[in-house]
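**Student:** Please find one structure pasted underneath; my questions will follow.
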Amino acid sequence: METKHIKHLYRRIGFGILPEDLKKLSKKSKKDIVNALFKASKTATVLEIDTSKIKALAEDSISSGSRLDAETRRMIQKLSRKKQVDLNNAWVDRLANTDQVLREKMTLFWANHFVCKDNNIVYIQQFNNTLRANALGNFESFVNAVSKEAAMTKYLNTKQNKKQKPNENFARELMELFTLGVGHYTETDIKESARAFTGYSHDIEGNFVFKKRQHDNGLKTFMGKTGDFSGQAIVNIILSKKACATYICTKVYRYFVNDNINEAHVNQMADVFYKDYNIEALMKFTLMSDWFYDDVNIGSKIKSPIEFIVGIKTLVPVTFKRKKQLLIMQRLLGQTLLDPPNVAGWKGGKNWIDSNTITLRLKLPALILNSGYISNAPVGTSEEKMALKKLQTEKRNNKRFQAVINWSHFEEQFKNVTMEAMTSHILACELNKGTKAYIASLEKASKQEYCIQLMSLPEYQMC
């Protein structure tokens with residue numbers, strides 16, 4: 001397999017590849033490399049932080065036979081806010097340091113598909129691991145698992161969906177965002193399917209609870225079929241429509257291949273996926289397809305903020321001593337893990353870049369790797385815009401990075417890589433004449449310095 005194709009593969013299913021790993025794979029076939037990725041991601045490793053204090057508060061309420069009082073709720077929410085910082089950092093570290101790279105990248109993808117957030121860290125963590133466990137499994141089982149998650153039943157109001165007063169939020173988003181897309185269902189389908197999901201709830205620990213007395217057992221007419229449908233039956237009917245397979249494959253193509261959709265390729269993917277909704281089979285077909293490695297797809301996508309940050313950590317391992325600084329970076333760049341903007345998630349593509357974020361992106365590698373400054377002013381404010389112009393000099397609103405940079409690991413990885421080869425290893429897209437001339441004019445005092453210079457180019461924003 002060509003080295004440029006290996007690098008492309010690892011940029012898309014991960015966050016880049018180090019020279020030593022690339023050397024080991026360069027003599028292997030595409031089939032062997034792709035199969036090894038799936039083998040490494042065969043099982044899911046739970047991502048878990050310590051939530052024992054929060055669970056203890058909930059258990060105390062259970063043992064006393066009472067509901068959570070207002071004070072206990074406030075305590076749980078306060079602890080959850082702190083723990084959310086820990087989970088965010090743990091997730092970023094997992095993305096940068098895992099052998100299950102494909103499963104973790106798929107988890108990141110599904111987090112912006114089955115969009116959900118909550119103020120209880122126990123529910124958030126549980127939902128995150130449900131995404132991870134099902135990331136390469138059966139899509140029907142995945143949808144049903146998500147529908148029963150405590151965080152989702154709260155986020156889309158399924159808990160309030162009762163026989164006497166149906167709530168349509170989850171039913172609507174199930175079809176509009178999670179399975180079919182706009183135009184493949186009616187308002188009547190939403191109302192009827194909402195009835196099927198009545199009774200979905202959870203206990204205080206986050207376990208799924210089906211409340212029979214709140215469930216509507218009456219006949220429902222959904223997409224031309226009539227019956228006493230359950231929530232799972234509704235999901236089954238939805239997946240019987242090939243439009244569902246096409247919708248999911250379009251999102252997979254846009255995320256892993258190219259923002260510009262090639263309908264012929266998506267249709268090929270949908271033919272594979274529609275057979276049994278096996279996510280692993282879909283991804284294996286995609287990664288084995290010759291068109292995945294077409295030049296038009298290489299270096300064609302703008303990195304998401306998380307891809308940008310984790311990509312830096314992959315090349316040069318960085319550990320932030322102050323966990324909130326990682327959140328500040330994400331917030332300024334426009335993507336904070338565990339805190340999506342709305343149920344539709346992040347739009348991605350060109351939406352990742354504006355006049356503020358591109359300024360920060362170009363400066364951030366030097367700021368991180370040279371222990372510079374970064375603004376923690378709120379996003380979108382005049383303070384932020386001012387801070388972005390003074391990232392290296394502002395002292396009142398900025399805080400200095402406290403990070404451990406593992407340059408020795410970088411030097412070990414790149415010791416046999418020439419400066420010229422570093423360019424093609426770190427940058428995904430072809431350089432224009434102007435950029436080539438600029439790079440040639442740079443003083444390359446060391447590989448460390450040159451690495452930072454390459455990361456500070458507009459071309460580094462692409463993958």
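The values are calculated or read from the model by the stated rules, or taken from the named source; none is laboratory data. What you see is a predicted model, and the numbers here were worked out from it, not measured in a lab. Every residue, glycine as well, gets a Cβ built from its backbone with ideal geometry; the counts of neighbours run over all protein chains shown. For the accessible areas, the whole protein counts, side chains as well, though only heavy atoms, and no ligand, DNA or RNA atoms are used. Shrake-Rupley method; radii C 1.70, N 1.55, O 1.52, S 1.80 Å.
**Student:** Order the peptides 194-201, 172-179, 91-98 from the highest to the lowest mean number of other Cβ atoms within 10 Å of their residues. Numbers along the way, then the final one.
**Tutor:** Details: 194-201: 23.5, 172-179: 21.2, 91-98: 19.0.
Ranked by mean Cβ neighbours within 10 Å, highest first: 194-201, 172-179, 91-98.
**Student:** A further question on this structure: Report, in degrees rounded to the nearest 10, the 0 to 90 angle that the Cα long axis of helix 30-40 makes with the longest principal axis of the chain.
**Tutor:** Approximately 60 degrees, to the nearest 10.
**Student:** Another question about this same structure. Students often get this wrong, so try it: which of (i) 22, 53, 23, 2; (ii) 26, 58, 15, 0; (iii) 24, 56, 19, 1, 0 is P(r) over Cα pairs in 20 Å bins from 0, in percent as calculated from the structure shown?
**Tutor:** Computed from the coordinates, P(r) over Cα pairs in 20 Å bins from 0, in percent corresponds to (i).
**Student:** Once you charge only the Cβ atoms, +1 for Lys and Arg and -1 for Asp and Glu, what is the size of the charge dipole of the stretch 1-134 about its Cα centre, to the nearest 20 debye? Please list the in-between numbers first.
**Tutor:** On the way: 26 positive and 15 negative charges, 144 e Å.
Magnitude of the dipole: close to 680 debye.
**Student:** Right, another one. Between ILE261 and SER141, what length in nm is gained on full extension when 0.36 nm per residue of separation is reduced by their alpha carbon distance? Please list the in-between numbers first.
**Tutor:** Working: separation 120, 0.36 × 120 = 43.20 nm, distance 2.72 nm.
The span from ILE261 to SER141 would gain 40.5 nm if fully extended.
**Student:** For LEU337, which sequence-distant residues (separation of 5 or more, or a different chain) have an amide H within less than 5 Å of its own amide H, given hydrogens modelled in the peptide plane?
**Tutor:** Under 5 Å from the amide H of LEU337 lies no amide H from a residue far enough along the sequence or on another chain.
**Student:** Still on this structure, I have one more. Starting from the Cα gyration tensor of the stretch 226-329, take the square roots of the eigenvalues, sort them a ≥ b ≥ c, and report rounded, prolate or oblate (rounded when a/c is under 1.5, otherwise prolate if a/b is larger than b/c, else oblate). Walk me through the numbers on the way to the answer.
**Tutor:** Working: a/c = 3.05, a/b = 1.54, b/c = 1.98.
Cα axes put the stretch 226-329 in the oblate bin.
**Student:** How about LYS78: which aspartates and glutamates have a C-alpha closer than 18 Å to its C-alpha, ignoring those fewer than 8 places off in the same chain?
**Tutor:** ASP50, GLU59, ASP60, ASP69, ASP86, ASP118, GLU205, ASP339
**Student:** Let me ask something else about it. Using amide H atoms built in the peptide plane, which far-off residues or other-chain residues are under 5 Å from PHE229 H to H?
**Tutor:** Sorted by chain and number, the residues that satisfy this are LYS220.
**Student:** Among 451-457, 417-423, how do they line up from the highest to the lowest mean number of other beta-carbon atoms within 10 Å?
**Tutor:** On the way: 451-457: 19.9, 417-423: 14.4.
The packing order, highest mean first, is 451-457, 417-423.
**Student:** Which of the peptides 10-22, 261-273 is most tightly packed, and how do the rest follow, judged by the mean count of other Cβ atoms within 10 Å per residue? Spell out each step's value before the answer.
**Tutor:** On the way: 10-22: 19.4, 261-273: 16.8.
So the peptides 10-22, 261-273, ranked by packing, come out 10-22, 261-273.
**Student:** Another one. Rounded to the nearest 500 deg cm²/dmol, what is the calculated helix-only ellipticity per residue at 222 nm for the chain, with -39500 (n - 2.57) per DSSP H run of length n ≥ 4?
**Tutor:** Working: 23 runs with 250 residues, N = 463.
Value at 222 nm, helices only, nearest 500: -16500 deg cm²/dmol.
**Student:** Here is a further query. Let's test the formula: R0 of 35 Å, r as the Cβ-Cβ distance of ALA445 and GLU2. What FRET efficiency results, to the nearest 0.05?
**Tutor:** On the way: r = 32 Å, r/R0 = 0.91.
Taking R0 as 35 Å, the efficiency between ALA445 and GLU2 is 0.65.
**Student:** Based on Cβ point charges of +1 for Lys and Arg and -1 for Asp and Glu, what charge dipole magnitude is obtained for the chain about its Cα centre, in debye rounded to the nearest 20?
**Tutor:** Details: 70 positive and 48 negative charges, 182 e Å.
Value, rounded to 20: 880 debye.
**Student:** Would you mind calculating the gained length between LYS165 and VAL182 on full extension (0.36 nm times residue separation, minus the Cα-Cα distance), in nm to one decimal? Walk me through the intermediate numbers first.
**Tutor:** On the way: separation 17, 0.36 × 17 = 6.12 nm, distance 2.49 nm.
Fully extending the segment from LYS165 to VAL182 adds 3.6 nm.
**Student:** Run the simple label-point estimate for ASP354 and ASP295 please: 7 Å along Cα→C-beta, distance reported in nm.
**Tutor:** If labels sit at ASP354 and ASP295, their model points lie 3.6 nm apart.
**Student:** Something else: Please give, to one decimal in nm, the separation of the simple spin-label points placed at PHE38 and LYS191, each 7 Å out from Cα toward the Cβ.
**Tutor:** 4.5 nm
**Student:** Right, here's the next one. Lys and Arg at +1, Asp and Glu at -1: add these up for the other residues within a Cβ distance under 14 Å of THR246 and post the number. Write down the numbers at each step before the final one.
**Tutor:** On the way: positive: LYS241, LYS242, LYS251, ARG254, LYS275; negative: GLU263, ASP271.
It works out to a net charge of +3.
**Student:** How high is the FRET efficiency between ILE62 and PHE210 when r is their beta carbon distance and R₀ equals 25 Å, given to the nearest 0.05?
**Tutor:** Numbers: r = 19 Å, r/R0 = 0.76.
Efficiency, rounded to the nearest 0.05: 0.85.
**Student:** May I ask for the net charge around GLU420, where only other residues with Cβ less than 14 Å from the Cβ of GLU420 are counted and Lys, Arg are +1 while Asp, Glu are -1? Please list the in-between numbers first.
**Tutor:** Working: positive: LYS436, LYS444, LYS447; negative: none.
So the surrounding residues net to +3.
**Student:** Per residue, how large is the accessible surface of the chain? Use a 1.4 angstrom probe and give square angstrom. Let's see the in-between values first.
**Tutor:** Numbers: 21130 Å² over 463 residues.
Result: 46 Å² of accessible area for each residue.
**Student:** Turning to a different aspect of this structure: What does the C-alpha gyration tensor say about the overall shape of the stretch 40-180? Classify as rounded when a/c is under 1.5, otherwise prolate if a/b is larger than b/c, or oblate.
**Tutor:** oblate
**Student:** Which lysines have a Cα lying under 19 Å from the Cα of LYS211, excluding residues fewer than 8 positions away in the same chain?
**Tutor:** Straight-line reach from LYS211, under 19 Å: LYS148, LYS154, LYS159, LYS162, LYS163, LYS165, LYS220.
**Student:** What full-extension length gain, to one decimal in nm, is calculated for LYS225 and SER408 as 0.36 nm per residue of separation minus the Cα-Cα distance? Don't skip to the answer; put the middle values down first.
**Tutor:** Numbers: separation 183, 0.36 × 183 = 65.88 nm, distance 6.37 nm.
That pair, LYS225 and SER408, stretches by 59.5 nm at full extension.
**Student:** Moving to a separate point now. When the accessible area of the chain is computed with all protein chains present and a 1.4 Å probe, what percentage of it is carbon and sulfur?
**Tutor:** On the way: 10360 of 21130 Å².
C and S atoms contribute 49 percent here.
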